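A short write-up of the structure that comes next.
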Amino acid sequence: MRTGIANLPLHTGKAPQWLLNKMSKLAGLIIELVIREYGVNTLIDKLSDPFWFQALGCFLGFDWHSSGLTTTLCFAIKKGIRDREEEFGIFIAGGKGKYALSTPDEIKKYGFKYGFDPSFFIYASRMSAKVDTICLQDGFSLYQHMIIFTPYGEWAVIQQGMNPEVKLARRYHWRGDKNKDFIIEPHSGIVCPKRMQTLNLTARESEASRSAITAIASEKMSGLISEYKKARRLQMSLKFNYNPNLSLRRFEDAVLRIQDNNPTSFAKIVETQGVGPATVRALALLAHLIYGAEPSFRDPAVYSYAHGGKDGVPYPVNRSYYDRTTKILRDFLNKARPENKIDIKEFLRITI
């Protein structure tokens, strides 16, 4: 399920290499500490919490309200556990831009190397991205996608979209296992300074719309084309602008793809290759006009400093203090063996 959404100012620029290196080292130590004491599932729980994730980025020295926190922290976490995936029992795939697109290939490589079936995690990665693109149409385009998973079916997705017009980025968090529903009401916590006009087909109150869309997608093509022509004229009378800027030919091609996929459920429509936001908007418009099944237009989008921030807010990163923190944590982990009787839980209570 999606566990939260965070909206952040869209910033340009990037973190300096020296800070990335320090963030990766400290992130790796924190991950090791959480896994050692609480287990890998708790780590996945924490990373899927938008507030804990934000706090971790602040602790590691990144801007508390920057869109770059997501991409930089994801990079630091991935680099921080590199070559220790088997030891920790956790795998990370994806990243920003071209690295997001290579997520399925990375998952396959992990499966081949460590002997588990990667197909479900590829599906979870793809569906989480599709849902936040075509079921929750909030004006943000995804450019960052990362999945964290165990071979036993536990997983989290952290992805981010941008909206240059309002100069905001929005981060989406998912937490799931092999039994989670990818469609219905996946949020548990949301942070957002700005609400957007949104077509929200993940909302519970969109159930009638989802059912109508599923029924419409199975109808004869001739009737659908006729209804779609009418809908494009009539949609101006509706409060919400569906903007079905899909040509008749593209609409027909998309529906044929859906019908070839045997659309027995709304999820089957979403997972169909080649079905994007415009197709779903067109089908939602038809569901509204033909069946009176209006979807939800509710935007579901309803920490602090330890080492400074990369842009000097609230103060510049203190490099010697950062290195000292990393050394203290590394020394602590080296000493925190059962025979030494060091109270890790007390340390975690204070620091995490």
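The values are calculated or read from the model by the stated rules, or taken from the named source; none is laboratory data. Bear in mind that the values here come from a model prediction, so they are computed numbers and not experimental data. Ideal geometry is used to build each Cβ from the backbone, glycine not excepted, and the neighbour counts take in all protein chains shown.
Tell me whether the range 246-265 contains one or more residues that are surrounded by 12 or more Cβ atoms within 10 Å (Cβ to Cβ), under 24 Å from ASP181 (Cβ atoms) and among the β-branched types (Val, Ile, Thr). Scanning the range 246-265 turns up at least one residue that is surrounded by 12 or more Cβ atoms within 10 Å (Cβ to Cβ), under 24 Å from ASP181 (Cβ atoms) and among the β-branched types (Val, Ile, Thr).
Of the candidates LEU73, LEU19, the single residue that is out of contact with any strand residue (DSSP E or B) (no Cβ under 7 Å at 6 or more places or on another chain), surrounded by 19 or more Cβ atoms within 10 Å (Cβ to Cβ) and at pLDDT below 85 is LEU19.
Here GLY139 meets the list (1) assigned to a helix (DSSP H, G or I); (2) modelled with pLDDT under 95; (3) not aromatic (Phe, Trp, Tyr) almost entirely, failing just condition (1).
Each residue in the range 150-165 was checked for being assigned to a strand (DSSP E or B) and over 13 Å from the mean Cα position of the chain (by Cα), and 1 pass. The residue of the range 204-253 that is farthest from VAL270 (Cα to Cα), among those that are part of a loop (DSSP other than H, G, I, E, B) and of a type in the set (Ser, Thr, Tyr), is SER247.
Does LEU47 fit the bill of being under 23 Å from PHE140 (Cα atoms), among the hydrophobic types (A, V, I, L, M, F, W, C) and modelled with pLDDT under 75? So LEU47 does not fit the description; no. Tell me whether the range 116-128 contains one or more residues that are within 15 Å of GLY161 (Cα to Cα) and assigned to a loop (DSSP other than H, G, I, E, B). Within the range 116-128, not a single residue is within 15 Å of GLY161 (Cα to Cα) and assigned to a loop (DSSP other than H, G, I, E, B).
Please name all residue pairs, on different chains or six or more residues apart, with Cβ atoms under 7 Å, provided the first residue is in the range 217-233 and is within 13 Å of ASP253 (Cα to Cα) and the second residue is acidic (Asp, Glu) and part of a helix (DSSP H, G or I). Every condition considered, the pairs that remain are MET221/GLU252; ILE225/GLU252. Taking the numbered list (1) touching a Leu at 6+ places or on another chain (Cβ under 9 Å); (2) surrounded by fewer than 23 Cβ atoms within 10 Å (Cβ to Cβ) in turn, ARG82 passes all entries but (1).
Residues that are among the β-branched types (Val, Ile, Thr) and surrounded by 24 or more Cβ atoms within 10 Å (Cβ to Cβ) within the range 140-165 comprise ILE147, ILE148, VAL157, ILE158, listed in sequence order.
Taken together, ASN7, ASN41 contain a single residue that is at pLDDT below 85 and out of contact with any His (no Cβ under 9 Å at 6 or more places or on another chain), which is ASN7. Per the listing PHE62, PHE91, the residue uniquely modelled with pLDDT of 95 or more and surrounded by 23 or more Cβ atoms within 10 Å (Cβ to Cβ) is PHE91. Every listed requirement among (1) outside the structural domain of VAL255 (by TED's automatic domain parsing); (2) farther than 30 Å from ILE35 by Cα; (3) in a loop (DSSP other than H, G, I, E, B) is met by GLU185 save one, (2).
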